[in-house]
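Trainee: Mind having a look at this structure? Questions to follow.
The values are calculated or read from the model by the stated rules, or taken from the named source; none is laboratory data. This structure is a prediction, so every number in the text was calculated from the model and none was measured. Cβ placement follows ideal geometry from the backbone for every residue including glycine, while neighbour counts extend to all protein chains displayed.
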Amino acid sequence: MAPPIPALAQSGSKVRLFEQLGFHLGDEDHQLIYEMMKKEAVEGLKRMIEGQDVLTSSLRNSDTSPCLNSQITETETHRETMRIYLTARPETKAVYDLGHDVDGVEEENWVIRWLLWHFQLYQAHISAVETISSLSLALPDRAIIGIQFAISGAHATNWDTM
């Protein structure tokens, strides 16, 4: 069965996610459920980045911590998506059911994938900011401003609204 609500592109904004799910940004109950979903996704992301077996083969046994979607295998992303779905609280499971798809070869859930994608992107942004902070001692101010501009321009997202 196809999901009751069509999938939102992973790059879609939080505002679009709320619209797609029938949520309202000013509704305290909707905000509370979103916070629960966020917590489940962050816990899932932590599980995903803990082990070397989740990494693409080029990053296994390296000191690099995965923070980008492209660095974690599709198998692990799917596995964690299903783990989150199966262990979700009743309040969040009701929302996840809106994006649950059992028509394909494997079950999928676009709502959970959206959450994981956004929080991986957020983690990558935080890592970039930390890198810039550590570079600020070694580079002239003009270089740092250029790097900050490049990063903020490449990821025009309001991180405060995550």
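Trainee: Just the residues that are closer than 15 Å to Val111 by Cα and over 11 Å from the mean Cα position of the chain (by Cα), please, taken from the range 41-50.
Mentor: none
Trainee: What number of residues within the range 61-118 satisfy the criterion of being surrounded by 15 or more Cβ atoms within 10 Å (Cβ to Cβ), part of a loop (DSSP other than H, G, I, E, B) and modelled with pLDDT of 95 or more?
Mentor: Residues in the range 61-118 being surrounded by 15 or more Cβ atoms within 10 Å (Cβ to Cβ), part of a loop (DSSP other than H, G, I, E, B) and modelled with pLDDT of 95 or more: 1 in total.
Trainee: Would the range 30-40 turn up any residue that is free of Cβ contacts under 8 Å to residues at least 12 places away in the same chain, surrounded by fewer than 17 Cβ atoms within 10 Å (Cβ to Cβ) and farther than 15 Å from Val95 by Cα?
Mentor: No, the range 30-40 contains no residue that is free of Cβ contacts under 8 Å to residues at least 12 places away in the same chain, surrounded by fewer than 17 Cβ atoms within 10 Å (Cβ to Cβ) and farther than 15 Å from Val95 by Cα.
Trainee: Filter the range 30-60 down to residues that are part of a helix (DSSP H, G or I) and β-branched (Val, Ile, Thr) and give me whichever is modelled with the lowest pLDDT.
Mentor: Val54
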